[in-house]
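The values are calculated or read from the model by the stated rules, or taken from the named source; none is laboratory data. Here the structure is a predicted model, which is why all the values come from computation and not from measurement. As a convention, Cβ positions derive from the backbone with ideal geometry for all residues, glycine included, and neighbour counts pool all protein chains shown. Areas reflect the complete protein model, heavy atoms only, side chains present, ligands, DNA and RNA absent. Shrake-Rupley method; radii C 1.70, N 1.55, O 1.52, S 1.80 Å.
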Amino acid sequence: MSEPAQQQQQLRVVVADDQAAVREPLAAVLALAEDMDVVAAASNGHEVLEAVAAGPVDVVLMDLRMPVMDGIEATRRLAEQYPEVAVVVLTTFADDDSILGALGAGARGYLTKNAGRRDITRAIRAAAAGQSVLDRAVQDRLLATARAAAGAAAGAKSNSPAQPGRDLPADLTPREREVLALIGLGLPNRGIAEKLFISEATVKTHINNLFAKAGIRDRSDAVRRAIEAGLA
């Protein structure tokens with residue numbers, strides 16, 4: 001007698017958006033995915049925290065601009081109180097403050113609201129698996145910010161006083177700073193290679209060089225250093 005097929009594990013999702021016209025159809029669409037169960041819908045960050053406390057929850061699909069408590073503050077509190085819960089931001093905003101604020105608060109994914117159903121479900125699955133998924137426009141914006149920061153650092157390194165805890169070695173090249181910034185954003189080597197239009201072998205060379213120069217132990221340490229340096 002054959003064994004019964006193993007039941008697919010359901011991802012328990014909370015959908016948060018202050019507009020019912022967005023929240024309800026989105027929840028309905030996600031509920032159609034075989035591996036997702038929309039366990040709650042929230043109109044603000046406070047309701048998100050209540051839903052997660054009632055749990056269990058795997059992923060929160062989070063809007064940013066909401067009343068009572070916005071998405072960035074809710075994400076920060078989730079990271080502190082429920083680090084096992086992943087947050088994917090879904091918003092109309094792709095400015096630096098929104099992107100860096102959400103990622104700095106602990107969001108694993110960032111999508112704009114022109115993302116399709118497939119993009120959203122893929123981001124939710126990736127976040128639940130501990131991976132990061134960023135909208136293409138968000139990636140481009142972050143890369144531009146990283147390049148600007150790298151250029152400014154290269155131009156001002158001889159004149160700026162040291163800032164303990166935030167500075168990176170002065171001999172890091174602009175390209176190595178770009179690579180560190182993208183590591184800080186959670187991109188794998190292949191993703192970094194695609195963003196910078198270089199080979200994976202070249203990415204590995206840059207990583208080895210910057211790790212040696214900056215005394216970085218591993219990839220987790222690199223993420224921490226990128227955040228401390230303001231690159232991610």
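Taking the stretch 103-113 as the range and being in contact (Cβ under 8 Å) with a residue 40 or more places away in the chain and assigned to a helix (DSSP H, G or I) as the test, the residues that pass are 103, 104. The residues of the stretch 172-197 that are aliphatic (A, V, I, L, M) and modelled with pLDDT of 90 or more, listed by number, are 172, 179, 180. Residue check: is residue 119 among the charged types (D, E, K, R) and either touching a His at 6+ places or on another chain (Cβ under 6 Å) or within 27 Å of residue 192 (Cβ to Cβ) (or both)? The answer is yes for residue 119. Which residue out of 48, 88, 15 is closer than 13 Å to residue 105 by Cβ and in contact (Cβ under 8 Å) with a residue 40 or more places away in the chain? Exactly one residue qualifies, and that residue is 88. Scanning the stretch 28-50 for residues that are open to solvent by 20 Å² or more (accessible area, probe 1.4 Å), under 19 Å from residue 85 (Cα atoms) and part of a helix (DSSP H, G or I) yields 31, 46, 47, 49, 50. When every residue of the stretch 2-11 is checked against the conditions, at least one turns out to be part of a loop (DSSP other than H, G, I, E, B), without any contact (Cβ under 8 Å) to a residue 24 or more places away in the chain and among the hydrophobic types (A, V, I, L, M, F, W, C). Restricting the stretch 114-140 to residues that are charged (D, E, K, R) and either at positive phi or without any contact (Cβ under 8 Å) to a residue 24 or more places away in the chain (or both), which is surrounded by the most Cβ atoms within 10 Å (Cβ to Cβ)? So the residue we want is 119.
Find the residue count for the stretch 56-71, including only residues that are touching a Phe, Trp or Tyr at 6+ places or on another chain (Cβ under 8 Å) and either more than 16 Å from residue 30 (Cβ to Cβ) or open to solvent by 30 Å² or more (accessible area, probe 1.4 Å) (or both).
So the first thing to find is which residues in the stretch 56-71 are touching a Phe, Trp or Tyr at 6+ places or on another chain (Cβ under 8 Å), and the list is 57, 64-65.
Okay, now just the ones that are also either more than 16 Å from residue 30 (Cβ to Cβ) or open to solvent by 30 Å² or more (accessible area, probe 1.4 Å) (or both), so 64-65.
Total satisfying the criteria: 2.
Being assigned to a helix (DSSP H, G or I) and either of a type outside the set (S, T, N, Q) or out of contact with any Asp or Glu (no Cβ under 7 Å at 6 or more places or on another chain) (or both), is that true of even one residue in the stretch 55-68? Within the stretch 55-68, none of the residues are assigned to a helix (DSSP H, G or I) and either of a type outside the set (S, T, N, Q) or out of contact with any Asp or Glu (no Cβ under 7 Å at 6 or more places or on another chain) (or both). Please verify whether the stretch 88-107 includes one or more residues that are surrounded by fewer than 18 Cβ atoms within 10 Å (Cβ to Cβ), more than 21 Å from residue 140 (Cα to Cα) and at pLDDT below 95. There is no residue in the stretch 88-107 that is surrounded by fewer than 18 Cβ atoms within 10 Å (Cβ to Cβ), more than 21 Å from residue 140 (Cα to Cα) and at pLDDT below 95. You will find that of 79, 74, the residue that is under 20 Å from residue 133 (Cβ atoms), in a helix (DSSP H, G or I), of a type in the set (A, V, I, L, M, F, W, C) and open to solvent by 20 Å² or more (accessible area, probe 1.4 Å) is 79 and no other. Here is a list: 131, 139. Which entry is closer than 30 Å to residue 230 by Cβ, among the polar types (S, T, N, Q) and not in a helix (DSSP H, G or I)? Going through 131, 139 in turn, just one is closer than 30 Å to residue 230 by Cβ, among the polar types (S, T, N, Q) and not in a helix (DSSP H, G or I): 131.
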